[in-house]
Amino acid sequence: MRPRSPLNVRTTVALAAVALMAAGCGLTDSGAQPGVAAEVDGQTLELTRVDQAVEDYCGLLTANKKFSAVPTALVRGQFAQGWTRAVAIDNLAEELDVPLPPEVIDRTTVEDLWMELGEVDDDNYDSFEWLTWVQLRLSTTAEQLGAATVLKETGQTVSGEQAINVGVSLADDWLAENEPELNPVFGEYNPETGYFDGDALSIPVSREAGSVVDTSKLTAEQVNALPADQRCGPETPPAPPVPGV
């Protein structure tokens, strides 16, 4: 079985060295204004930032035959969700006196983090710098938050994935209290799966794929049935016929 996309948005599934402030537009009770992907704690993420990151990420993934494709909608939603979690972790780190990664990320760190996916160059660097800013918070800082919280509450020491899960859970609790706004274009968030159930840019077109609402549960065959602009990653060649069948 081929590995899935290396996207890890612990989730998100990546965003700029500073939260982007969109001038002149925002999310309101009447719905999303044009150009806005998400808003939380007074910080606004531009939809163009998410879409450019998706384009650059999927460009490398498509050229990397080691990985299987995923629906573009899944990647798009994870990037937006990952940014909101990163903002939450920024706030929690300040409250709990946990150090944050540097705001200015050196190029070597960016290139090393995405080396398995493909080459980071001048054309896609801004997107992967943004993704690195988010990923460091959802990994390194989340682990420190989780470890500090468990130690304080139980006196026990945890690290690695266990601590990261605690840190991300703290971020989700913070978001539940601060009510982030996400553009409806990402689809409806499913708290049971941790994914968005699809968006207007990635609607399965085949009968088989169309019967699956949760894009995270699409099979490789169903993902292959998506149009190229709705599929992030290389097309998996069909399995050869079994002799005698």
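Figures for the structure shown
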| read-out | value |
| --- | --- |
| Ser169-Thr154 pseudo-label distance in nm [points 7 Å out on the Cα-to-Cβ vector] | 0.8 |
| Solvent-accessible ranking of Glu235, Glu119, largest area first, probe 1.4 Å | Glu119, Glu235 |
| Share of carbon and sulfur in the accessible heavy-atom surface of the range 53-190 [1.4 Å probe, %] | 48 |
| Cut-off under 5 Å, modelled amide H: who pairs with Cys232 long-range | Val70, Thr72 |
| Cα shape, the range 32-136, gyration tensor, a/c 1.5 rule | oblate |
| Net +/- balance of residues flanking Val40 in space, Cβ distance below 10 Å, scoring K and R +1, D and E -1 | -3 |
| Most to least accessible of Glu161, Glu95, Glu111, Glu129 (protein chains only, probe 1.4 Å) | Glu95, Glu161, Glu111, Glu129 |
| Ordering of 98-108, 45-55, 84-94 by packing [mean C-beta count within 10 Å, highest first] | 84-94, 45-55, 98-108 |
| Solvent-accessible area per residue, Å², over the range 130-169 with all protein chains present [probe radius 1.4 Å] | 44 |
| Residue-count net charge about Thr84 - beta-carbon cut-off 10 Å; Lys, Arg +1, Asp, Glu -1 | -3 |
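The values are calculated or read from the model by the stated rules, or taken from the named source; none is laboratory data. Treat the numbers as computed from the prediction; the structure is a model and nothing was measured. Counting neighbours? That spans all protein chains shown, and the Cβs are built from the backbone with ideal geometry, glycine included. SASA here: full protein model, heavy atoms, side chains in, ligands and nucleic acids out. Shrake-Rupley method; radii C 1.70, N 1.55, O 1.52, S 1.80 Å.
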